[in-house]
1. Against the definition (within 15 Å of the ligand (Cβ to nearest atom), surrounded by fewer than 23 Cβ atoms within 10 Å (Cβ to Cβ) and not acidic (Asp, Glu)), how does LYS144 come out, yes or no?
2. Tell me, which residue of segment 179-199 that is among the hydroxyl-bearing types (Ser, Thr, Tyr) and either assigned to a helix (DSSP H, G or I) or within 18 Å of ALA111 (Cβ to Cβ) (or both) is most open to solvent (accessible area, probe 1.4 Å)?
3. Taking the condition under 30 Å from PHE269 (Cβ atoms) and open to solvent by less than 60 Å² (accessible area, probe 1.4 Å), does ILE83 pass?
4. State all residues of segment 219-236 that are under 22 Å from VAL421 (Cα atoms) and either open to solvent by 10 Å² or more (accessible area, probe 1.4 Å) or within 8 Å of the chain's Cα centre (by Cα) (or both); if no residue qualifies, say none.
5. Name the helices (runs of 4 or more DSSP H) wholly within segment 296-410 that hold at least 3 residues that are open to solvent by less than 10 Å² (accessible area, probe 1.4 Å) and of a type in the set (Val, Ile, Thr)?
6. Cβ contacts < 9 Å: first residue closer than 13 Å to LEU44 by Cβ, restricted to segment 221-240; second residue in a strand (DSSP E or B) and open to solvent by 10 Å² or more (accessible area, probe 1.4 Å), any location; separation 6+ or different chain. Result?
7. When the residues of segment 238-254 are narrowed to those that are of a type in the set (Gly, Ala, Ser) and open to solvent by 10 Å² or more (accessible area, probe 1.4 Å), which ends up nearest to the ligand (Cβ to nearest atom)?
8. Can you tell me which residue within segment 219-237, out of those that are part of a loop (DSSP other than H, G, I, E, B) and in contact with a His (Cβ under 9 Å, 6 or more places away or on another chain), is farthest from the ligand (Cβ to nearest atom)?
Amino acid sequence: MSRQTDLAYAAELDAHDPLAHFRERFVITDPDLIYMDGNSLGRLPQATVTLAEDLIQHQWGECLIRNWNEGWFTAPERVGAKIAHLIGAEPDEVIVADSTSVNLFKLVVAALRFQHGRSCILTDNLNFPSDLYILQGAIDLLDKQHRLDILPSPDGIHGPETEIHNRLDNQVALLTLSHTVYKSGYIYDMPAITASAHAAGALMLWDLSHSVGSVPVDLHAAQVDLAVGCTYKYLNGGPGAPAFLYIRRDLQDVLRNPIAGWMGQRDLFNFELEYRPTTGLRHFLTGTFPVVSLSLIELGVDLLLEAGLDNLRAKSQRQSEYLINLWEEFLEPLGFTLNTPREADRRGSHVSLGHTEGLRIDQALIHEMNVLPDFRPPDTIRLGIAPIYTSFRDIHTAVMSMQKVVIDRLYEKYPRQAPVVT
Ligand SMILES: Cc1ncc(COP(=O)(O)O)c(C=O)c1O
């Protein structure tokens, strides 16, 4: 009989995992690499390799400009419609282009102009820093007519939900939060927070970067106004792949894109001199989108749709629970803290473990143990679970490697300065 903390038990769990076969659909060149960073950059789907070849050799190489009429021009909507299935939106409410930050900027400026007369943007200090920079930039652009209120988390892990409910008043133009928090993995109660924002007359904008493809989201059920999100994490879209934005249908023609450009122009090939935005979501496009990287997102999304988001979430919860059990037995005694919510329903798909030597432990894991997590200052090692390819064995090996790095003091030879990308 294997113990619940043995490698043999991990192997049993893998053997009974109905999604295990999806791992073969990804490029895995080093079977011994324990990849725990799918929450930062997802793995490469096998099918995407074939598509990339076709995009470069055939679509670009042979068809040249003719391919704009063979699927390139409509790619932002086509890929967006598939992502819509993952987040409870209608197919014509999601479009792909630009980075998450740029999409956020467009939506924030549009929302603030729409909410004329209201002077506050509300967010929290768990939000992704780029989101906060974008909010500051938007305030500058609009001549500092708005104040940014950043509510503090009570413990650096959980969102300040009560404070948000209490702080919402008739001066708040926009409430914007990360649905799943990048550092701790905390998940906000989307329906309750959105309802509270609406009761105060504020618009609600969610950053779904750490939710999409791993945590079920139902934007319609929660009547969400606006959302953005990354495609290079759980969607496996590729490094720097463009992001998506969502605008509820009834807001699409009343909000104006602040970066007007020809891709959002009505009848763009008439080349008129005056900007006349097209209807629907497409007027939130600006310039020519990166066709190759945008097209490569699609097959990763197809894989998630095939596996089923509810199945993926169930596996992710089983896996994060398993990881936390291993932490309790092997890592807590070595000084690792759990920097992630304990309640499974309030936890996304990564587990954050804190340690005073977190940065150096992370370096030792990468360079000595062939384990790839990531590190977020001041002390957090994030272990990303991408249930479509992460195995229970990966999780077991990652935890045992962390234990070894600390017991054998393998981290001591690493400097305290962080490399550029952690
Ligand atoms: C929650 C969140 N929002 C925004 C971003 C920034 O995305 P982009 O680089 O596409 O602007 C990230 C990047 O990791 C993120 O994690």
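1. Numbers: within 15 Å of the ligand (Cβ to nearest atom): no; surrounded by fewer than 23 Cβ atoms within 10 Å (Cβ to Cβ): yes; not acidic (Asp, Glu): yes.
Against the criterion (within 15 Å of the ligand (Cβ to nearest atom), surrounded by fewer than 23 Cβ atoms within 10 Å (Cβ to Cβ) and not acidic (Asp, Glu)), LYS144 does not qualify.
2. Going through segment 179-199, the residues among the hydroxyl-bearing types (Ser, Thr, Tyr) turn out to be 180, 182, 184, 186, 188, 194, 196.
From the residues that got through so far, the ones that are either assigned to a helix (DSSP H, G or I) or within 18 Å of ALA111 (Cβ to Cβ) (or both) too are 194, 196.
Details: THR194: 0, SER196: 27 Å².
Filtering segment 179-199 for residues that are among the hydroxyl-bearing types (Ser, Thr, Tyr) and either assigned to a helix (DSSP H, G or I) or within 18 Å of ALA111 (Cβ to Cβ) (or both), the one most open to solvent (accessible area, probe 1.4 Å) comes out as SER196.
3. On the way: under 30 Å from PHE269 (Cβ atoms): yes; open to solvent by less than 60 Å² (accessible area, probe 1.4 Å): yes.
So ILE83 fits the description; yes.
4. Residues of segment 219-236 under 22 Å from VAL421 (Cα atoms): 229-236.
Hits for segment 219-236 are GLY229, CYS230, THR231, TYR232, LYS233, TYR234.
5. Details: elements: 298-307, 309-326, 358-368, 392-407.
In segment 296-410, the matching helices (runs of 4 or more DSSP H) lie at 392-407.
6. Note: no pairs meet the criteria.
7. Among residues in segment 238-254 that are of a type in the set (Gly, Ala, Ser) and open to solvent by 10 Å² or more (accessible area, probe 1.4 Å), the one nearest to the ligand (Cβ to nearest atom) is GLY240.
8. Just the residues of segment 219-237 that are part of a loop (DSSP other than H, G, I, E, B), to begin with: 219-225, 230-237.
Still in the running and in contact with a His (Cβ under 9 Å, 6 or more places away or on another chain): 223, 225, 230, 233-234.
Working: GLN223: 22, ASP225: 18, CYS230: 5, LYS233: 7, TYR234: 11 Å.
Within segment 219-237, the match that is farthest from the ligand (Cβ to nearest atom) is GLN223.
The values are calculated or read from the model by the stated rules, or taken from the named source; none is laboratory data. Keep in mind that what you see is a predicted model, and the values were worked out from it rather than measured. Neighbour counts are summed over all protein chains in view; Cβ atoms, including those assigned to glycine, are modelled from backbone coordinates with ideal geometry. Surface accessibility is based on the protein's heavy atoms, side chains included, excluding ligands, DNA and RNA. Shrake-Rupley method; radii C 1.70, N 1.55, O 1.52, S 1.80 Å.
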